[in-house]
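Just below is one structure, and these are the notes that go with it.
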Amino acid sequence: MIDLHQSNWVLTLAEAGAEPPLDGHHGEDPVPASVPGTAAGALAAAGRYDPDHPSPLHDKDIWYETRFAAEPGAYRLCFGGLATIAEVYLNGALVLESRNMFRMPETEVVLKADNTLRICFRALQPHLGAKGPRARWKPQLATSQGLRLIRTTLLGHMPGWCPEIHAVGPYRPIRLFPAAAPRLSDVRILSDLAPDGSGVLTVSARLEGMTGEPVLNCAGASAPMMVQEDGRHAATLVLAGIDAWMPHTHGTPHLHEISVTAEQDRFSLGRTGIRRLETDHGEDGKGFVLKVNGIPVFCRGAVWTCADLLTLAGDRQTYRPLLEAARDAGMNMLRIGGTMLYESRAFFELCDELGILVWQDFQFANYDYPVKDEAFVDEVRAEVRDQLDATQGCPSLAVLCGGSEIYQQGAMMGLPEDRWKGPLCEEILPSLAQTCRPDVPYAANSPCGGVLPFSPDEGIAHYYGVGAYRRPLEDARRAGVRFAGECLAFSNIPEASSLERALPARPGHDPRWKAGVPRDRGAGWDFEDIRDHYLKTLFGIDPADLRYADPDRYLDLGRAVTGHVMERTFAEWRRKASSCRGALVWTYQDVMMGAGWGVIDANGVPKPAYHALKRAFRPLQVCVTDEGTNGLAIHLINEWPTERKVTLSLACLKDGRTPVVSGQRDLSLPPHSAQTLNAVELIGAFFDVTYAYRFGPPSHDVTVVRLRDSESGKVLAEDFHFPLGLDPHPQKAEVRTAVNPVDASTGRWQIELESDRLVRWASICCDTHVADDACFHLAPGMPRIVHLRAASDAGETADKPVFRLNALDHAVVV
C-alpha cells in the first residue's frame, strides 16, 4: 500500500474553469498542503487565510498536486472523500471524476516509476446557482437553495450557526493498493445476542485474488467460509457465553477481534461487539425507547458538530479527547445530525471502545431534495453504501435516521403530509439501511411522529419549549416528551480562563463577542437573549442592568443559569414516571470561540454547562423534583448491571448552614432500576420541605439530598432544592482548602474543599490546570474533592497549582 499523506503536496488557487496545467502549477503561488486536509487549513497554515474572518473559496478552482515514486504496475487508487466537484489527473490523464463529497471513489490506474497526481476541485459557486426541479418549500437554514442539488456538507453555509469556512479539498486519506493483491470486498458483518446469552456472528464478503479455503475467526472460534449462490463467501459463528457489548453507562463495551485467514493470508476486519438493538414504541405506539441487549437505555448526550471545522480532521488523535470527555460526562449517545458531516471509521471505533452509542443522520436536512432525478438518487444510493460499508461491524452505530427537520420544515410551511413525507426517507434510505446494516434500527426523520412531525409528545422530538420558546421549566414535564433528538439549545458561556486566552471581548454588543453567539438566520433574536430570559426569570435580575454594572457577575450568573436549567430538566426526564426515554443536547462542541451552543468550547475545554450535564447524567444518580403540595420527590437511579447498597440522606438547612430537619435510609438499588421516594419517608413525619403550605415564615432555604456508598461512605451523587427560589444576593462563607498531589510528575493534583455554609456555583480557577468539576454547590460540613490535571498548553510542570475559588457567594478561603 502507498499512503499518499506521506507525499509532499502543494496547493494552488486558479480562476474558475481553468484547464489542467501542462507543466505544473498555475494561478497563485503554491503553498504546502496536508492530505488528508482542506484548502482552508492549508491556506491558514501559510498565513493566507483567516478562519476568524473567512474569505470565500467556492468561487475559484483549487488544485492539489504531488509527485511520488512507485513500483510500476496496476493499482487501485482509493479516495476517502473529495470535497466536492473533483477531477483527478494521473500523469496528465483524467482518471476519475466525483461530484459527491460523501462518496469514497476508487479507480484502477497504471503507475510509472515516477508519477504526478493532480486533483482539481472545481468552484462550487456556479453549481450552486444551477437550476433544478422546483422545490415545494425553501428553508432559511443555509445561504443557497442550490445546496439541495449537490451532495456536500452544510457546514460553512449556515450563517449564525458556524463560520463560513468552505469545505474544499481531499479531507479523507488517499491510498494506492496493488491491483493484484488479495483482498476482501463488499464485506458484511452482522452480530446478534441470543436470549440465552450466546453471540451469533455472520460475516460475508467477496474474495479477490485469494487461494486456499477462507476461515472466519473470532473470540477463539472458527468456521470455514462457504461460497454462496451470488459468489460471495459466508460463515456464521455461534459464540457461547460471549461477553456482550453495552454502552458504558449500563455495562462494559466488550470488543472482539474478527479476522479471515486463507493459507498464508490474514485479513483483519477490526473489532466488533456482540449486541442486539431494538426500539420499543410502548403500549400506545407513540414512544421511542432504545433497548440494548433487552435493557431499556435512557439515551443522553449531545449532537456532534465537527472536531475541526478548519481541516475536517477525521483521525483518532483529533477525536479521542472529545470522545473521552463525552464518556467522562456520562454521555452514552452522540448524534451526528443531518446538517453536519459523516465522520470517519476512527470516530466509530473510538465510540466502540468507549461505549458511546451513535445516532447517525444521513446527510440530509430541511430541503426538498430532487428524488425524482434518477442521477441524484443513484448518487445517494452509492453514498449511503459507501458510508455504511465503512462502519461494518461497529457496535456503536445504534440508530440510522433519514435526516434532520425535513418533515418539520415542510409541515411548518403549512403543507399537507403527502407533500413533505416522501420516498427519500420512507423508501430509498430505509431500504439501503436494511440491506447494509439490518442490525441497526431506522428512524424516518428527526423529528417525526405525532399529529405534526414536531409534536414533542409522540415519537422523536426537537424540544425547545424550555429554551428557544422561553417556556417555564415546568414545560419539560407538561410537553410529554418521549425522545428528544435535539433539545436545550443555549448560548453557553465558556470558562473565564478560556475567554481571557481566546476571546478578550466583553459581553454585550462587541462584534467579536456577538460573532460567537448563535442565532437562527432571519430571526430578530439570538440565543444570548434566551439565556438572559431565564436569568431574569430565575434570579429576578434585569440582565441588561447587570451587564452594564458588573459584566463579570453577569457572565457568572449566565454560566450558572444554563447549567441549572439543564440539570433540572434532566431531573424531570430521568425520573421513573417520566414519559421521556432519551434526550440529546444541542450541541456538543462549538465550531468557533465564544458563547455558542456547545458544552465544550472550540478549543476543547469543557464549559460549566458540560459539568452540569456530567452531574445530571450520572449512571448512579439521585435527583429531586418539587411536587408542590405533594412534597419533595427523591428519584434514585441505578443503571449499572449490579446491585448497589447505598445510604440516602436528607437535610433541610436554614441560612445554608443550620440543620432544621434531617433523615436517612439504607437502600438496596437493583440493577437497571429506578424508584421514587418522598422526603417524608426519610424524615418520618410531615415537614413542609417544598414550602408549599406556607404555614408561617420559611424555616429553611435549601435541602441537600445525598447518596453514599453504604460500605465506603463515598458520596456517589447529590442534589439541591431551593424552596424559596434562586437568591441572586451573595452570602458569605468560609472555605478551608488543602492541595495535595495525586501524581505531580504528570500534573495531577486534588483540592479538598470544606465550607461552614452552603456555597453556590463554585468553581476552581487555575491558569495551569483544569478542574474536573465547575459551577457546583458546596454543602456545609462535607469535604469535597476536586481533581486537577495539567492544561494542554501549560507544558510539563510538577509545581503546586495556584488557584482561586470563584462562586456566586462570597467564598472566603481560609
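Modelled spin labels at residue 97 and residue 116, positioned 7 Å past Cα toward Cβ, are 2.2 nm from each other. Expressed to the nearest 5 percent, the antiparallel share of DSSP beta bridges inside the chain is 80 percent. Spacing of the modelled spin labels on residue 576 and residue 15, each 7 Å from Cα toward Cβ, amounts to 7.5 nm. The length gained by stretching the chain between residue 136 and residue 375 to full extension, at 0.36 nm per residue less their Cα-Cα distance, is 84.1 nm. Using the Karplus relation 6.51 cos²θ - 1.76 cosθ + 1.60 with θ = phi - 60°, the per-residue 3J(HN,Hα) values for region 130-144 come to 6, 7, x, x, 4, 7, 7, 8, 10, x, 9, 4, 10, 7, 9 Hz, with x marking Gly and Pro. What the chain shows is 40 Å² of accessible area per residue, with the surface traced by a 1.4 Å probe over protein heavy atoms. Annotation: for a label point projected 7 angstrom from Cα along Cα→Cβ of residue 125, residues of region 42-69 with backbone N closer than 16 Å are 54-63. Using the Cβ-Cβ distance between residue 640 and residue 782 with R0 = 22 Å, the FRET efficiency computed as 1/(1 + (r/R0)^6) comes to roughly 0.35.
For the chain, the C-alpha radius of gyration divided by 2.2 N^0.38 Å, with N the number of residues, is 1.00.
Using the Cβ-Cβ distance between residue 34 and residue 164 with R0 set to 22 Å, the FRET efficiency from 1/(1 + (r/R0)^6) comes to roughly 0.55. Couplings 3J(HN,Hα) of region 315-323, computed from phi: 9, 4, 4, 6, 6, 3, x, 5, 6 Hz, in residue order, whole Hz [Karplus 6.51 cos²θ - 1.76 cosθ + 1.60, θ = phi - 60°; x for Gly and Pro]. What a 1.4 Å probe finds exposed on region 594-672 is 49% carbon and sulfur by accessible area, rounded to a whole percent.
In a fully extended conformation the segment linking residue 627 and residue 240 would gain 134.5 nm over its present Cα-Cα distance, using 0.36 nm per residue.
In region 433-506, the convex hull through the Cα atoms has an average projected area of 8.5 nm², a quarter of its surface area.
Please state the relative contact order of region 134-244 as a whole percent: Cα pairs under 8 Å, 6+ residues apart?
Across region 134-244, relative contact order equals 18 percent.
Placing a pseudo-label 7 Å from each Cα along the Cα-to-Cβ vector at residue 202 and residue 732 gives an inter-label distance of 7.4 nm.
Within straight-line reach of residue 112, meaning a Cα separation under 14 Å, sit the following aspartates and glutamates at least 8 residues removed in sequence or on another chain: 71.
How big is D for region 621-731, in µm² s⁻¹ as a whole number, if Stokes-Einstein is applied with the Kirkwood radius of its Cα pairs at 10 °C and 1.306 mPa s?
109 µm²/s
For region 439-570, the relative contact order comes to 19 percent (Cα pairs under 8 Å, sequence separation of at least 6). To put it simply, the accessible area of region 366-440 at a 1.4 Å probe is 45 percent carbon and sulfur.
FRET efficiency for the pair residue 664 and residue 221, taken as 1/(1 + (r/R0)^6) with r the Cβ-Cβ distance and R0 = 45 Å, rounds to 0.35. Surface composition of region 1-100: carbon and sulfur atoms hold 49% of the protein heavy-atom accessible area at a 1.4 Å probe.
The values are calculated or read from the model by the stated rules, or taken from the named source; none is laboratory data. Everything numeric here is computed off the predicted structure, so don't read it as measured data. Glycine also receives a Cβ, built like all others from the backbone with ideal geometry; neighbour counts cover every protein chain displayed. SASA here: full protein model, heavy atoms, side chains in, ligands and nucleic acids out. Shrake-Rupley method; radii C 1.70, N 1.55, O 1.52, S 1.80 Å.
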